[in-house]
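Peer 1: The following block contains the structure, expressed as structure tokens.
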Amino acid sequence: MTDTRALAARALAEVALAGASLREVSARAMPALADSRDRALLMALLSEGARWWLRFDAALDRLLTQPLRRREPAVHALLVLGLVQLDVLRLDAYAAVAATVEAVRALGRPHLAGLVNAVLRRWQREGDGLRAALDAVPATRHAHPAWLVEALVRDWPDAAERVLAADNAEPPLMLRVNRRRANRAAFIERLRMDGWTAEPHAWLADAVKLPHSTDVTRLPGFAEGLFAVQDGAAQVAADLLAVRDGERVLDACAAPGGKACHVLERADVALVALEADAVRARRIDQNLARLGLTAAVVVGDAGAPQDWWDGRPFDRILIDAPCSATGVLRRRPDVRLHRRASDLPALVATQRRILDALWPLLAPGGRLVYATCAVLRAENEGVVAPFLAAHADARARPFDLPTGQAAAVGWQILPGDDDLDGMYYAVLDKVP
């Protein structure tokens with residue numbers, strides 16, 4: 001029988017110490033567990049372990065005289081998970097400690113069982129003082145890398161604490177009703193009849209909000225393609241693009257296809273979904289098929305249109321640019337472990353290259369929406385403002401949203417604004 005905590009420790013060590021993707025590691029680990037309760041525990045341990053790693057990893061430096069990160073990475077991860085069980089998941093302390101000690105034996109390290117027990121017992125005895133020391137430093141208080149804390153304070157001084165707290169809060173499950181196959185009110189009623197708590201979003205026309213994440217394949221209407229999973233901040237893209245029947249639309253950097261599908265649900269358009277990664281492009285095809293939609297899925301580099309463009313201009317272009325993903329840390333907690341400040345110059349260069357390359361493909365009088373799921377100004381207005389200065393035929397269209405705030409150019413939704421993810425948008429019109 002597989003020990004859930006040992007399995008989680010091995011997986012978390014891969015994510016936090018070897019740079020693996022939480023999503024991929026979770027997918028590999030899950031089939032080892034048959035019981036739904038064990039699977040739920042595994043997901044909670046991995047998600048919260050990644051979210052709070054930077055706090056409890058630092059705590060272990062205070063609790064251990066000999067670091068284990070390199071010598072025994074899985075045991076180090078198991079200790080992090082032990083602290084997560086005690087402080088975050090609030091499991092029964094006696095049971096959590098006993099099960100964690102047993103897990104070290106399942107890892108094949110029985111000689112370290114006494115050490116694991118001693119560390120967790122010490123945390124229970126000295127926890128107040130240790131927590132106070134960790135809380136005194138913003139990076140360990142909020143479990144964010146120091147460079148990102150500094151960047152948030154620099155870019156959003158009045159909102160930085162709120163953003164850091166929102167990154168560690170449980171996000172709601174947000175669905176997008178496929179209006180070609182379902183009515184939102186009727187879909188919500190169907191959910192409620194099946195015992196689910198659901199409500200319409202206050203100002204997003206297609207959004208339905210559930211308080212907690214779940215296996216969406218269990219929700220009524222999934223197989224029928226009545227809905228897709230998409231945070232409300234991402235659903236704003238279709239509103240800003242404002243497509244009309246008969247138009248030709250490009251969704252650049254389109255995988256997994258959420259925004260492309262939303263556009264197709266809104267109007268009868270000829271849509272090209274462009275994605276550089278062939279594996280990720282297959283996810284677009286899968287989502288289109290489930291929702292009953294049709295698009296031309298093209299594998300290609302958005303920054304090199306000469307390799308895939310047929311020469312016909314587009315009436316609308318959506319650039320969902322590759323970015324730091326600093327707006328979605330509450331849903332992708334491992335990003336905070338993998339992203340580095342040194343990544344930003346290359347990301348900004350890619351963003352600028354894509355925007356410059358795709359602008360000539362937009363028809364005169366057309367509209368381009370530039371979007372990122374980032375909250376750092378360098379990737380957002382820092383990309384769009386210089387572009388506008390260099391292109392006389394580009395005009396920023398003013399707009400506002402019910403939440404978030406105006407940026408120097410465009411609009412920024414910060415994590416937690418109206419319980420949404422962080423997203424940046426700019427709308428550019430091409431002067432005829």
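The values are calculated or read from the model by the stated rules, or taken from the named source; none is laboratory data. In this text, all values refer to a predicted model and were calculated from it rather than measured experimentally. Positions of Cβ are generated from backbone atoms using ideal geometry, with glycine treated the same way; all protein chains shown enter the neighbour counts. The accessibility values were calculated without ligands, DNA or RNA, using every heavy atom of the protein model including side chains. Shrake-Rupley method; radii C 1.70, N 1.55, O 1.52, S 1.80 Å.
Peer 1: Here are ALA20, ALA50, ALA6, ALA40: which of them is more than 18 Å from the chain's Cα centre (by Cα) and either more than 24 Å from THR214 (Cα to Cα) or at pLDDT 95 or above (or both)?
Peer 2: Only one candidate qualifies: ALA6.
Peer 1: Within the stretch 128-141, which residues are crowded, with 16+ Cβ neighbours inside 10 Å and in contact (Cβ under 8 Å) with a residue 60 or more places away in the chain?
Peer 2: Matches in the stretch 128-141: LEU130, LEU134, ALA139, THR140, ARG141.
Peer 1: Which members of the stretch 181-221 meet the condition of being β-branched (Val, Ile, Thr), exposed (fewer than 14 other Cβ atoms within 10 Å of the Cβ) and without any contact (Cβ under 8 Å) to a residue 40 or more places away in the chain?
Peer 2: THR197, THR217
Peer 1: Which of the residues spanning the stretch 369-378 are open to solvent by 10 Å² or more (accessible area, probe 1.4 Å) and either basic (Lys, Arg) or outside any helix (DSSP H, G or I) (or both)?
Peer 2: CYS373, ARG377
Peer 1: Further, regarding this structure: Just for the stretch 1-56: of the residues that are more than 18 Å from ARG339 (Cα to Cα) and among the basic types (Lys, Arg), which one is surrounded by the fewest Cβ atoms within 10 Å (Cβ to Cβ)?
Peer 2: Here the answer is ARG37.
Peer 1: I've got another one for you. Working only within the stretch 306-326, note down all residues that are in contact with a Lys or Arg (Cβ under 8 Å, 6 or more places away or on another chain) and within 13 Å of VAL249 (Cα to Cα).
Peer 2: ARG312, PRO313, PHE314, ASP315, ARG316, ILE317, LEU318
Peer 1: Between a first residue in the stretch 299-318 that is surrounded by fewer than 20 Cβ atoms within 10 Å (Cβ to Cβ) and a second residue that is of a type in the set (Phe, Trp, Tyr), which pairs have beta carbons less than 6 Å apart while being 6 or more apart in sequence or on different chains?
Peer 2: Within 6 Å, the pairs are GLY300/TRP308.
Peer 1: Would you pick out the residues in the stretch 413-422 that are under 13 Å from ALA371 (Cβ atoms) and either touching an Asp or Glu at 6+ places or on another chain (Cβ under 8 Å) or open to solvent by 20 Å² or more (accessible area, probe 1.4 Å) (or both)?
Peer 2: Within the stretch 413-422, ILE413, ASP421 qualify.
Peer 1: Shifting gears a bit: Condition first: open to solvent by 10 Å² or more (accessible area, probe 1.4 Å), touching a Cys at 6+ places or on another chain (Cβ under 8 Å), within 24 Å of ASP301 (Cβ to Cβ) and touching a residue at least 60 places away in the same chain (Cβ under 8 Å). Can you find one or more residues in the stretch 223-243 that meet it?
Peer 2: Scanning the stretch 223-243, I find at least one residue that is open to solvent by 10 Å² or more (accessible area, probe 1.4 Å), touching a Cys at 6+ places or on another chain (Cβ under 8 Å), within 24 Å of ASP301 (Cβ to Cβ) and touching a residue at least 60 places away in the same chain (Cβ under 8 Å), so the answer is yes.
Matching residues to (1) out of contact with any helix residue (DSSP H, G or I) (no Cβ under 6 Å at 6 or more places or on another chain); (2) surrounded by 17 or more Cβ atoms within 10 Å (Cβ to Cβ); (3) basic (Lys, Arg):
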residue	(1), (2), (3)
ARG282	yes, no, yes
CYS323	no, yes, no
ARG352	no, yes, yes
ARG367	yes, yes, yes
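Peer 1: Going through the stretch 82-127 one residue at a time, which ones are without any contact (Cβ under 8 Å) to a residue 12 or more places away in the chain and of a type in the set (Phe, Trp, Tyr)?
Peer 2: Residue satisfying the conditions is TYR94 alone.
Peer 1: Have a look at LEU428, LEU337, LEU329 and point out the one that is over 25 Å from ALA242 (Cα atoms), touching a Lys or Arg at 6+ places or on another chain (Cβ under 8 Å) and either at pLDDT 95 or above or part of a helix (DSSP H, G or I) (or both).
Peer 2: It is LEU329.
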